[in-house]
Amino acid sequence: MRRIKTGVKRGMAWCLIAMMLSGCQNKDALQDPKSIRIGVTVYDQYDTFISQLITCFSADLSAKEKETGTVIHIEVYNAADSQTTQNSQVEEMLENGCDVICVNLVDRTDPTTIIDLAEKQNIPLIFFNRELVEEDLERWNRLYYVGAKAFESGVMQGEIAAEIFQSDPSVDKNQDGIFQYVVLEGEAGHQDAIVRTEYAVSTLVEQQVLVEKLGYGIANWNRAQAQTKMTQMLDQHGKEIELVLANNDDMALGAVDALKALQIPREDWPVIMGIDGTDVGLEAVANKELAGTVYNDKEGQALAMLNLAYQLATGGELSDLALEDEKYIRLPYAKVESEDVERYQNREKL
Ligand code: GAL
């Protein structure tokens, strides 16, 4: 079992073990024409959204096996935030005979090594969630991207915030008619962070809400880092903060943690908005700690990625997959407020 190079720990370990038991390294399976091998590498297995996306992907496998009569072997690696590690993982997956490799790039500006390795062996690559620039995706005709329509999440977050400001005068705490906000941003340079912030704010403005930015903190999608940044901003601006626009649910929850740790009474909390609709995010919308979130369709993305991987691995038709520009699959987002939560909590059953 040499394939898990970066010590896979609890959480994803159970699904890895299950996949290995299903015969990842089974030599007989390799000779079976009705079996394919899919490699997956994620930038950070402890990222809440990514780990839930991979859980969905694994859960879809057995249905796909039943539907197609093909045995699907899968290997999942954690790049642990190192592009160099991820490059070696791809090399190893190619050596292991993967028919297609799904890559959640660590550094979305640095896919060259991986593309070159795969092209040399003519193995198609599906990049997901962390979108590389178009010129890189154009470099070879067997490169694909599965993700979401990034700008849409910002627009929806801005729409929910505008609707709250316009319908509930109590959120304008100082009654100056202006929504004073702070932003908790994901990684610098990540397409979702840049686009979400930009569109959330421009949508508020388009909806005729006057806004004033008090500050921002980069918290790398991470709850603990967001708590630290929010604590600092509360220290600086205190009750002036009326709105927290977080680029994802984990960071929105970090803001909640900061407010709780400082024992700020609930009625004095700002409006807090997330994006993703992770399990913990949805729970926080249900109990109204978050005013809303935007559903990042992990089930849809996982299934699209599996269907595409299957077709690529078996040399099947791609025409049914509705690829944009023959390369992209982008799933839509959806607004989630407290009344919608239950529907999304049961999303996988729909
Ligand atoms: C975003 C997601 C974040 C984080 C990031 C990782 O789409 O909203 O929570 O998972 O991807 O690339």
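When a/c is below 1.5 the answer is rounded, else prolate if a/b is larger than b/c, else oblate, so apply that to the stretch 150-295 with a ≥ b ≥ c taken from the square roots of the Cα gyration tensor eigenvalues. Spell out each step's value before the answer.
Numbers: a/c = 1.30, a/b = 1.03, b/c = 1.26.
It comes out rounded by the Cα gyration axes.
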Item checked: Per-residue [θ]222 nm for the chain (sum of -39500 (n - 2.57) over DSSP H runs n ≥ 4, rounded to 500) -> -13500 deg cm²/dmol
Check: What dipole magnitude, in Debye to the nearest 20, does the chain give about its Cα centre under +1 on Lys/Arg Cβ and -1 on Asp/Glu Cβ?
Finding: 1120 debye
Notebook entry, point to check: Against the longest alpha carbon principal axis of the chain, how many degrees, from 0 to 90 and to the nearest 10, is the axis of helix 191-206 turned?
Noted result: 30 degrees
Checklist line | Over 21 Å (Cα to Cα) - which of K173/K260; K34/K66; K239/K335 fall in this group | finding: K239/K335
Note to self: I need the Debye-formula profile for the chain: one equal scatterer per C-alpha, no solvent, reported as log10 I(q)/I(0) at q = 0.08, 0.11, 0.13, 0.14 1/Å, two decimals.
What the structure shows: -0.41, -0.73, -0.97, -1.08
Check: Mean separation of Cα pairs under 8 Å and 6+ residues apart, divided by the residue count of the stretch 150-295: what relative contact order is that in percent?
Finding: 25 percent
Check: Using mean Cβ contacts within 10 Å as the protection proxy, how do 39-51, 224-236, 243-255 order, highest first?
Finding: 243-255, 39-51, 224-236
Next item on the list: Could you tell me how many degrees, from 0 to 90 and to the nearest 10, lie between the Cα long axis of helix 298-314 and the main elongation axis, the longest principal axis, of the Cα atoms of the chain?
Entry: 20 degrees
Next item on the list: Would you work out which of N346, F165, Y310 lies farthest towards the positive end of the dipole of the chain, given +1 charges on the beta-carbon of Lys and Arg and -1 on that of Asp and Glu, about the Cα centre?
Entry: Y310
Next item on the list: Please determine, in degrees from 0 to 90 and to the nearest 10, the orientation of helix 249-261 with respect to the longest principal axis defined by the Cα atoms of the chain, where the helix direction is its Cα long axis.
Entry: 40 degrees
Item checked: Packing-based ranking, highest mean first, of 150-161, 168-179 given that Cβ atoms within 10 Å are counted -> 150-161, 168-179
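We did not get these values from a lab; they are worked out from the coordinates using the rules stated. It should be emphasised that the depicted structure is a prediction, and the values quoted were computed from it without experimental measurement. Cβ coordinates were reconstructed from backbone atoms using ideal geometry, including for glycine residues, and neighbour counts include every protein chain displayed.
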